[in-house]
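So the structure is just underneath, and the comments pick up after that.
The values are calculated or read from the model by the stated rules, or taken from the named source; none is laboratory data. Model, not experiment: these values are computed from the prediction. Neighbour counts run over all protein chains shown; Cβ positions are idealised from the backbone, glycine included.
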Amino acid sequence: MKKLLMAANWKMYKTVEEGVATARELVSLLGTLPQDREVLVCPPFTMMHSVCPILAGNAGCHSGAQNFYPAAQGAFTGEVAPEQLLDLGCTYALAGHSERRHVLGEMDELIGRKVAFGLEAGLKMILCIGETSVERRLGQIEEVLVRQLESGLAGVLSTATAENLAVAYEPVWAIGTGDVAGPDEILAAHALVRSKLESLLPSEGAQIRILYGGSVKPDNAAAIIRLDNVDGVLVGGASLKADSFSQIVLA
Ligand code: PEP
């Protein structure tokens, strides 16, 4: 059975004390998770040492990194390696989040290297893709998604599986804006991603989870996860409070 992956991205928010309190409250609100879902929380690096063990205390809850550098170790000031994340009990990582692409200037080639290096190191990877509002207006959604998928997955065509890879479709214009994509827009984008995954990874593409991200809230989550080819959600703002994220997880 394909489990829904309900993922939280805490971005650059919270002190260690706040993160620990939120993780504790979340684990207690969630209790025993329904069989059909998994939970992932991606906290800032600063609190992983304290937060990862709390999440690990609830079967079905996992910790993820928002970012890492694709090297085993070395002189990369300010960066964090996959081995260092695995050492903390972190099992997932994001690559290609829109804020890393558009605020930090990460390019397709680096994102592809991260996906390949992360998988090789033993992390489960979530490749984030999505068009900007300008690209949407210019009718370039398909071109952008196909390019980001092809470059993001170029190094993992023989190693990616439904176990170690998920894709998050996050239209940039919907992230943090309250402007959630409509059902038809989500259906069309996810169908496109599914068909591209099936052609790039013929034996695994049908089973790889495709998450939707962009202004998911407790009141729209249930309708979104019911849509075809939506296998979970990636949540920013509404994941910062344990009660709203637990409502989304259990939607
Ligand atoms: C995100 O950061 O990936 C995200 C989807 O944010 P928000 O839920 O706040 O739109």
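If I ask for residues that are closer than 17 Å to LEU94 by Cβ and near the ligand (Cβ under 9 Å from one of its atoms), which ones from segment 162-182 would you list?
ALA168, GLU170, ALA174, ILE175, GLY176
Conditions (1) in contact with a Phe, Trp or Tyr (Cβ under 6 Å, 6 or more places away or on another chain); (2) at positive phi; (3) surrounded by 15 or more Cβ atoms within 10 Å (Cβ to Cβ); (4) modelled with pLDDT of 95 or more, marked per residue:
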site	(1), (2), (3), (4)
LEU30	no, no, yes, yes
GLU38	no, no, yes, yes
MET47	no, no, yes, yes
ALA56	no, no, yes, yes
ALA71	no, no, yes, yes
GLU79	yes, no, no, yes
PRO82	yes, no, yes, yes
ALA93	yes, no, yes, yes
PHE117	no, no, yes, yes
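Scanning segment 1-57 for residues that are of a type in the set (Ser, Thr, Tyr) and away from the ligand (no atom under 15 Å from the Cβ), which turns out nearest to GLN84 (Cα to Cα)?
THR46
Considering LEU240, LEU234, LEU187, which residue is at pLDDT 95 or above and over 30 Å from SER28 (Cβ atoms)?
Of the residues listed, the single one that is at pLDDT 95 or above and over 30 Å from SER28 (Cβ atoms) is LEU187.
Of the residues that make up segment 146-155, is at least one farther than 18 Å from GLY213 by Cα, hydroxyl-bearing (Ser, Thr, Tyr) and either modelled with pLDDT under 95 or outside any loop (DSSP other than H, G, I, E, B) (or both)?
yes
Name the pairs: first residue in segment 226-243 and free of Cβ contacts under 8 Å to residues at least 60 places away in the same chain and farther than 24 Å from SER195 by Cα, second residue among the aromatic types (Phe, Trp, Tyr) and not in a loop (DSSP other than H, G, I, E, B), Cβ to Cβ under 7 Å, at least 6 apart or on different chains?
That search, which allows pairs on different chains as well, returns ALA238/PHE245.
Given the criterion over 19 Å from CYS42 (Cα atoms), within 16 Å of the ligand (Cβ to nearest atom) and either surrounded by fewer than 23 Cβ atoms within 10 Å (Cβ to Cβ) or in contact (Cβ under 8 Å) with a residue 40 or more places away in the chain (or both), identify the matching residue among SER133, SER158, SER195, SER151.
SER133
State all residues of segment 212-231 that are away from the ligand (no atom under 12 Å from the Cβ) and not polar (S, T, N, Q); if no residue qualifies, say none.
ASP219, ALA222, ALA223, ILE225, ARG226, LEU227, ASP228, VAL230, ASP231
Restricting attention to segment 168-181, does a residue exist that is among the hydroxyl-bearing types (Ser, Thr, Tyr), closer than 23 Å to GLY122 by Cβ and either touching a residue at least 24 places away in the same chain (Cβ under 8 Å) or surrounded by 15 or more Cβ atoms within 10 Å (Cβ to Cβ) (or both)?
No, every residue in segment 168-181 fails to be among the hydroxyl-bearing types (Ser, Thr, Tyr), closer than 23 Å to GLY122 by Cβ and either touching a residue at least 24 places away in the same chain (Cβ under 8 Å) or surrounded by 15 or more Cβ atoms within 10 Å (Cβ to Cβ) (or both).
What residue, among those in segment 1-28 that are of a type in the set (Gly, Ala, Ser) and in contact with a Leu (Cβ under 8 Å, 6 or more places away or on another chain), is surrounded by the most Cβ atoms within 10 Å (Cβ to Cβ)?
Result: ALA7.
Given GLY78, GLY64, which one is part of a loop (DSSP other than H, G, I, E, B) and either under 17 Å from the mean Cα position of the chain (by Cα) or more than 22 Å from VAL235 (Cα to Cα) (or both)?
Matching residue, one of GLY78, GLY64: GLY78.
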